[in-house]
Amino acid sequence: MEEGGLMGQENIDVDSIFNDGERLVPFLSHDDCELVRHFSSHHFFKQIIKKDVASLNLKDISILDLGFGTGYASFTYANIEQTNIVKSIDVSEESLEWAKRNYYSKKIDYEICDAIKFLKKKEDYSYIVTRHVLEHIKNGLAIVKEDKFTNRLCINVPYNEAPGNIYHLLTGITEKDFPKYKNVEFFYEDLEGITYDKIPKSIHINSIICIASKDNMPKVSDYFTFPLRAVTVEEVFDELRDNNFNFVKIF
């Protein structure tokens, strides 16, 4: 199978993948603003990993993507040269088929599995990344233990969200709701996809980002000058295209 590329979508239930807007299919669902927010979040995580690689001369990285959605994030993490394996889990069979057809890489191991059950296994990973997933799980912020990652845990969830989304079992999330991990740094993403190290005045914060790091890891805040700009739609397109993804609008 070739890496990347929209292939035949017959027999895939697109509505199940979309799930009333809870999953994003790049360039096919949602508006550009949502696309930019998604990719800006994962771009931040990816840049953290790449800066760790350069700073610490890391090799053979393993990444666990909790909630791969449609596979685009796993695909971009797999394109980090030093990545050895991206283990990607989700609960949707339709999403699995979509991801395997459209965001295939020999470095990615997609699996349908409940996150809580999966994390009870003995494996640990260099990095665990997850965006707008843990709010769908009862007690979701506490399911990842410190012994499951050797470098960093990167979490992005809605910030102080009001109740109302029937798919979100956790709402109103703020800094106090995260487990007492060691070496925690919080960052904040607004509706434009801009990332801040402090909550700015008069700016609506859409997501809170929690980075928990092991003792040997540099502070994430030392790597960047904030605020970080959002990625653009053109940059999203170019990144996927440069990694052999072929865009074909299908609906």
Inset, instruction - Six or more apart or on different chains, Cβ under 6 Å: which pairs go from a residue in the range 206-222 that's under 15 Å from THR174 (Cα atoms) and touching a residue at least 60 places away in the same chain (Cβ under 8 Å) to one that's polar (S, T, N, Q) and surrounded by 13 or more Cβ atoms within 10 Å (Cβ to Cβ)? Could you list them? - result: SER207/ASN156; ILE209/ASN156
Inset, instruction - Mind listing whichever residues of the range 84-98 are within 21 Å of LEU119 (Cβ to Cβ) and surrounded by fewer than 24 Cβ atoms within 10 Å (Cβ to Cβ)? - result: ASN84, ILE85, LYS87, ILE89, VAL91, SER92, GLU93, LEU96
Inset, instruction - May I ask you to verify whether THR174 is closer than 14 Å to CYS210 by Cβ, polar (S, T, N, Q) and free of Cβ contacts under 8 Å to residues at least 40 places away in the same chain? - result: yes
Inset, instruction - Name every residue in the range 142-187 that is among the aliphatic types (A, V, I, L, M) and in contact with a Phe, Trp or Tyr (Cβ under 8 Å, 6 or more places away or on another chain), in order of residue number. - result: LEU153, ILE155, ILE173, VAL184
Inset, instruction - Only one of these is within 14 Å of the chain's Cα centre (by Cα) and within 28 Å of GLU185 (Cα to Cα): SER55, SER40. Name it. - result: SER40
Inset, instruction - Considering every residue within the range 116-134, establish whether at least one is under 28 Å from GLY193 (Cβ atoms), surrounded by fewer than 21 Cβ atoms within 10 Å (Cβ to Cβ) and charged (D, E, K, R). - result: no
Legend entry - Among the residues listed as GLU175, GLU161, GLU185, the single one being among the acidic types (Asp, Glu), exposed (fewer than 14 other Cβ atoms within 10 Å of the Cβ) and farther than 17 Å from HIS42 by Cβ: GLU175
Inset, instruction - Determine which single condition ASN156 fails, assuming it passes every other condition in (1) over 21 Å from LYS214 (Cα atoms); (2) polar (S, T, N, Q); (3) buried (at least 18 other Cβ atoms within 10 Å of the Cβ). - result: (1)
Legend entry - ASP197 vs. criteria farther than 20 Å from GLU135 by Cβ and in contact with a Phe, Trp or Tyr (Cβ under 8 Å, 6 or more places away or on another chain): yes
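Just need a number here: residues in the range 70-99 that are in contact (Cβ under 8 Å) with a residue 60 or more places away in the chain and of a type outside the set (Phe, Trp, Tyr).
6
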Legend entry - Matching option when the condition is among the hydroxyl-bearing types (Ser, Thr, Tyr), in a loop (DSSP other than H, G, I, E, B) and crowded, with 22+ Cβ neighbours inside 10 Å, among THR70, THR76: THR70
Legend entry - GLU81 being modelled with pLDDT under 95 and of a type outside the set (A, V, I, L, M): no
Inset, instruction - Could you please let me know if ILE112 is at pLDDT 95 or above and among the β-branched types (Val, Ile, Thr)? - result: no
Inset, instruction - Return yes or no: is THR150 modelled with pLDDT of 95 or more and either surrounded by 14 or more Cβ atoms within 10 Å (Cβ to Cβ) or within 21 Å of PHE224 (Cβ to Cβ) (or both)? - result: yes
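The values are calculated or read from the model by the stated rules, or taken from the named source; none is laboratory data. Predicted model only: the values in this text are computed from it and were never measured. When we count neighbours, we look across all protein chains shown, and the Cβ atoms used for this are built from the backbone with ideal geometry, even at glycine.
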